[in-house]
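Only one structure is covered here, and it is reproduced in the block below.
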Amino acid sequence: MRNVLINGAILLAFLSPAFADTTVTITETNTECHVSPPEEVASPVKPSAAAGTAAARDHNYALARANLKPLAESGDLEGERLYGQLLMQKCTGIQDKTAAASWLGKAADGGDVVAKAELGNAYMNGNGVAQDDAKAFALIQAAAAASNPGAEVNLGYFYLSGRGVEKDRYQGMVWTVKAAEQGFPAALFNIAHAYFRGEALPQDNDKAARYMVAGMMRSTPAQKSRFAADINNISRAVSTDDLKHAADRAKRWSPGPGSLSDVLDDAGRQRDRQARLP
């Protein structure tokens, strides 16, 4: 089979109807950037969260800040969270992780679930705050209990790795599946990884490929790049025919409650099998 180089942003080899005879290679992208601070713009008479979000999406970070900063400073809960998220973002010219964590903390204290998840992630990685697994776990657990998929997948990671809590691979898969059933790409990639490694789930390359493709179908280029190693390893471990079959299965799958009950069944069987080992 021939190798096809993909930059982490393209999925054509998996999803094309012809499904060319390929082994897919993904390369990680360089996430470093050096961006000059944007020129200041005056805040609008009526700052708007929607306008600020749209400006950020269009990479107009000065206008985004002009809308979101006054909202945050007025005590608007959504504004606090959005401004914190903006300041945490890379490649904007206005990144300030310390200030970002502070604003996320204000929104989290006000009960914003997304802010709790984002602040938990900041504590988990030491972004703008001192790294603290205990604080990260508490915030992520609270957000996961409110069905935030990013928090669910991070809580699954804590249990799977034994970080901040006693290792419990089954419980890790429970939370990972909750996020995956919402179509969250990282959770689908983590399920693929678990099948490929054969620890939290029984080793099964075909299922690993299926959930890898399901994750790729729903992810951004940056998200694909994060899981480049798994994508490479899994795609090389299965035949072209099996990869095509996995893609067909992935395209037929729809997220929803109970849609991955078979994964939980596999996790339960793996837990029981490991419990019987000497």
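Where a number appears in this text, it was derived from the coordinates with a stated rule and is not lab data. Given the structure is predicted, the values throughout are model-derived calculations rather than measurements. Using ideal geometry, Cβ is built from the backbone for each residue, glycine included, and neighbour counts are taken over all protein chains shown.
One table, with the values for the structure above:
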{"quantity": "Rg followed by Dmax, in Å, when the chain is reduced to its Cα trace", "calculated": "20.6, 70"}
{"quantity": "Helix 133-145 axis, angle to the chain major axis (alpha carbon atoms, nearest 10°)", "calculated": "80 degrees"}
{"quantity": "Sites Ala146 and Arg197 - FRET efficiency at Förster radius 30 Å, r taken between beta-carbons, to 0.05", "calculated": "0.50"}
{"quantity": "Nearest 10 degrees, 0 to 90: helix 240-252 Cα axis against the chain principal axis", "calculated": "50 degrees"}
{"quantity": "Coil-residue trypsin sites (Lys or Arg not before Pro) of region 244-278, DSSP, other Cβ within 10 Å capped at 12", "calculated": "Arg276"}
{"quantity": "Efficiency of FRET from Cβ geometry, Glu40 and Asp204, R₀ 45 Å, rounded to 0.05", "calculated": "0.25"}
{"quantity": "Normalised contact order of the chain, rounded percent, pairs of Cα under 8 Å and 6 or more residues apart", "calculated": "15 percent"}
{"quantity": "Under DSSP loop assignment and at most 15 Cβ neighbours within 10 Å, longest GluC sites (Glu not before Pro)-free interval of the chain", "calculated": "41-165"}
{"quantity": "Computed P(r) (all Cα pairs; region 54-113; 10 Å bins; percent)", "calculated": "27, 57, 16"}
{"quantity": "Asp242 versus Glu166: modelled label distance in nm, points set 7 Å from Cα along the beta carbon direction", "calculated": "3.6 nm"}
{"quantity": "Linear extension gain, Arg252 paired with Ala222, 0.36 nm per residue minus alpha-carbon span", "calculated": "8.4 nm"}
{"quantity": "Cα-based equivalent ellipsoid, region 30-134: semi-axes from gyration tensor eigenvalues, Å", "calculated": "22, 18, 10"}
{"quantity": "With 10 Å bins from 0: P(r) over region 204-278, alpha-carbon pairs, percent", "calculated": "18, 40, 33, 9, 0"}
{"quantity": "Radius 10 Å from Cβ of Pro185, net charge of other residues (Lys, Arg +1; Asp, Glu -1)", "calculated": "+3"}
{"quantity": "Per-pair calculated FRET efficiency, R0 = 25 Å: Cys91 and Ala50 via Cβ, rounded to 0.05", "calculated": "0.65"}
{"quantity": "Cα-based Rg and Dmax for region 133-224, where Dmax is the largest Cα-Cα distance (Å)", "calculated": "12.7, 38"}
{"quantity": "Cross-link table Lys97/Lys167; Lys46/Lys135; Lys46/Lys224; Lys178/Lys244; Lys135/Lys178; Lys116/Lys244, entries beyond 32 Å C-alpha to C-alpha", "calculated": "Lys46/Lys135; Lys46/Lys224; Lys116/Lys244"}
